[in-house]
């Protein structure tokens, strides 16, 4: 089979299995397999694939058709203009999380923080992206998962940021000392009761990165309780939250004596972020 024939076959297969952007998925997988760019595929449509290449591609196409995220199959994900390694050790970062990083980078919310704590760092994309933007900042990423932390350290090495970004195992802030200008967190915020609402792709993410409990906001609430001693005077707490959690979490922040509490919408118009200061 030629490159063009393989792409047509993979596209038809993905469409039957209701994979969004079927042709694009096929192009990414074939380009990855052949070590080419997608543009180079278009310049080589008549090339015939070997039996070995076809066998490897069939396996990738089958896994994608079963809902395994494209990023896991490619082994990389682009986030805030940088390429990170990604696999089943951590959840695939979402566009909303890129919005959170961009909000902090381009606004006056917390200009030039010197110390940053990323809670629930996962693959490290938030901590490392902020390290690229705030070049003088010292940054700590924490996670309860040793597997995720190993991946984050690999990404730090990949981006030559190991000297400025430290990754530490901790259940939220229990094993963290010191105080920070900025504490940022994209924690689990999905209720265990909503599992049936999630896509096949999302259900491939580690459960510990998705589900927070019956309510869905339990882990975020715990962080709000723990954060004050870890924030410098007028330090900023920046949270990504579930789309229906803003009102109750705003109330909790008020009760816990945070101030300058500010909700922010994502690009779809849903309240997805909360910013608050303490002290």
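The values are calculated or read from the model by the stated rules, or taken from the named source; none is laboratory data. All of these numbers come straight from a predicted model, not from anything done at the bench. Quick reminder, even Gly has a Cβ in these numbers, built from the backbone with ideal geometry, and neighbours come from all protein chains shown.
When segment 176-191 is limited to residues that are part of a loop (DSSP other than H, G, I, E, B) and in contact (Cβ under 8 Å) with a residue 12 or more places away in the chain, the one that is farthest from residue 97 (Cα to Cα) turns out to be 178. Among all residues of segment 81-90, there is at least one that is within 9 Å of the chain's Cα centre (by Cα) and modelled with pLDDT of 95 or more. Taking the listed residues 105, 129, the one that is more than 16 Å from the chain's Cα centre (by Cα), surrounded by 15 or more Cβ atoms within 10 Å (Cβ to Cβ) and either not in a loop (DSSP other than H, G, I, E, B) or not assigned by TED's automatic domain parsing to the domain that holds residue 184 (or both) is 105, with no other qualifying. Total residues in segment 37-92 satisfying the condition of being without any contact (Cβ under 8 Å) to a residue 40 or more places away in the chain and farther than 30 Å from residue 186 by Cβ: the figure is 15.
In the set 225, 201, only one residue is within 21 Å of the chain's Cα centre (by Cα) and in the same structural domain as residue 260 (by TED's automatic domain parsing); that residue is 201.
Checking each residue in segment 57-69 for being crowded, with 16+ Cβ neighbours inside 10 Å and either in contact with a strand residue (DSSP E or B) (Cβ under 6 Å, 6 or more places away or on another chain) or under 16 Å from residue 34 (Cα atoms) (or both) picks out 57, 60, 61. When residue 216 is tested against (1) closer than 16 Å to residue 100 by Cβ; (2) crowded, with 18+ Cβ neighbours inside 10 Å, only condition (1) is not met.
Residue check: is residue 195 over 25 Å from residue 111 (Cβ atoms), modelled with pLDDT under 95 and part of a helix (DSSP H, G or I)? Criteria met by residue 195. In the set (1) surrounded by fewer than 17 Cβ atoms within 10 Å (Cβ to Cβ); (2) within 20 Å of residue 27 (Cα to Cα); (3) within 12 Å of the chain's Cα centre (by Cα), residue 95 fails one condition alone, (2). Taking first residues from segment 192-218 that are touching a residue at least 24 places away in the same chain (Cβ under 8 Å) and on the phi > 0 side of the Ramachandran plot and partners that are in a loop (DSSP other than H, G, I, E, B) and surrounded by 17 or more Cβ atoms within 10 Å (Cβ to Cβ), the Cβ contacts under 7 Å between residues at least 6 apart in sequence or on separate chains come to 216/189; 216/242; 216/245.
Just one residue in the set 234, 230 is touching a strand residue (DSSP E or B) at 6+ places or on another chain (Cβ under 7 Å) and either modelled with pLDDT of 95 or more or farther than 25 Å from residue 121 by Cβ (or both); that residue is 230.
Is segment 115-124 home to any residue that is in a helix (DSSP H, G or I), closer than 25 Å to residue 260 by Cα and under 16 Å from the mean Cα position of the chain (by Cα)? Taking every residue of segment 115-124 in turn, none turns out to be in a helix (DSSP H, G or I), closer than 25 Å to residue 260 by Cα and under 16 Å from the mean Cα position of the chain (by Cα).
Test residue 215 against the criterion of being at pLDDT below 95, in the same structural domain as residue 257 (by TED's automatic domain parsing), touching a strand residue (DSSP E or B) at 6+ places or on another chain (Cβ under 7 Å) and farther than 30 Å from residue 66 by Cβ, and give yes or no.
yes
Annotation: residue 83 fulfils all but one of (1) in a loop (DSSP other than H, G, I, E, B); (2) closer than 30 Å to residue 149 by Cα; the unmet one is (1).
Kindly check whether there is at least one residue in segment 34-56 that is within 24 Å of residue 85 (Cβ to Cβ), surrounded by 19 or more Cβ atoms within 10 Å (Cβ to Cβ) and at pLDDT 95 or above. No, segment 34-56 contains no residue that is within 24 Å of residue 85 (Cβ to Cβ), surrounded by 19 or more Cβ atoms within 10 Å (Cβ to Cβ) and at pLDDT 95 or above.
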